[in-house]
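Notes for the one structure printed next.
The values are calculated or read from the model by the stated rules, or taken from the named source; none is laboratory data. What you see is a predicted model, and the numbers here were worked out from it, not measured in a lab. Ideal geometry is used to build each Cβ from the backbone, glycine not excepted, and the neighbour counts take in all protein chains shown. We work out accessible area using only protein heavy atoms, side chains counted, and drop any ligands, DNA or RNA first. Shrake-Rupley method; radii C 1.70, N 1.55, O 1.52, S 1.80 Å.
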Amino acid sequence: MCKIIVMANQKGGVAKTSSTRNLAYSLAELGKKVLAVDFDPQTNLTISFGVAPAVLQETAASLMMKLVMDEALPEKGSCILNIGKVDLLPSKKTLTVAEVNLLIERKDDCLAKLLAPLRADYDYILVDTGPSLGSLTINAFTAADEIIIPVDPELFALVGLKELTETISKIKQNLNPKVEIIGIFFTKCSKRTVLYREISEQVCVTFGHLHIFESRIPTTIKVGAANSKGLSVMELDAKNEAAAAYMNLAKEVLAYA
Ligand code: ADP
Ligand code: MG
């Protein structure tokens, strides 16, 4: 049975995109059929797969516009790109136009409608979201079975986490009763620093009611280097610690089933 997992944290720079990229690859390495969905108008996920958004015709952006306007969708999967082991539903910066229209038309279930027919083709659909709790993220939460929250354990890590979890609770009450936060995991961990230890401890105490994944992704320039080459960190350097950490995270996600 397919699971739609949304990577969310309205704070920018916490490695949502890098984690979607590398978790998607790791799950595929473990034999799962995976679709990664770029649902951020910044299109970083699309770029991290080595795809230039400008050349694309149909993307998540155009499909969302069709859904907002109640127009028919093209044939299922027609704009999905196969990038090695992982499939990608790319995006374009015109997703911002869809974002405004979702807000005006008050539509929160368009992404759920877009992904529903694709469930039959995948074990996991991973959705990367942007740094806001706006109409795109609300659509993502409404489509989700599960939500994973990456946290960068630095000074302002706790700021916004309460708003995020409260927003998800409201979505669960009003729009999507099945949605669950499956857990928080730490990214960009500089394990030798005092700040890392203090903040990660603080997050664990404050959000002790949520599952905290064992896997912690270390800070390494290889993640950014892989993104810029259109690769996962495993493909760039299989022996890298972050590659191993993302593989472990994937195993933890599978175990959550
Ligand atoms: P978000 O999608 O949450 O905005 P990104 O995935 O774009 O975050 O990551 C933000 C920045 O942090 C990028 O420059 C990325 O290369 C870098 N980054 C992500 N993960 C790591 C890591 N484990 N170590 C070092 N830098 C990282
Ligand atoms: Mg991003």
nm² value of the averaged projected area, convex hull over the Cα atoms of the chain | 12.6
Among residues other than E58 whose Cβ falls under 14 Å from its Cβ, what is the net charge (Lys/Arg +1, Asp/Glu -1)?
-> 0
Euclidean distance between Cα centres, the range 1-43 to the range 229-257, Å = 12
Give me the Kirkwood hydrodynamic radius of the range 169-210, using the inverse of the mean 1/r over all pairs of distinct Cα atoms, in Å to one decimal.
-> 12.3
Would you count, across the range 107-257, every pair of lysines whose alpha carbons are under 22 angstrom apart, provided the pair is eight or more residues apart or spans two chains?
-> 22
Per residue, how much accessible area does the range 1-130 show when a 1.4 Å probe rolls over the protein heavy atoms, in square angstrom?
-> 40
Using the Karplus equation 6.51 cos²θ - 1.76 cosθ + 1.60 (θ = phi - 60°), what ³J(HN,Hα) coupling, rounded to whole Hz, does each residue of the range 95-109 give in order, writing x for Gly and Pro?
-> 4, 5, 5, 4, 4, 5, 5, 4, 5, 5, 7, 6, 10, 10, 10
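What is the percent carbon and sulfur in the accessible area of the chain, measuring with a 1.4 Å probe over the protein chains and ignoring ligands?
Looking at the chain in its full context, I get 55 percent from C and S.
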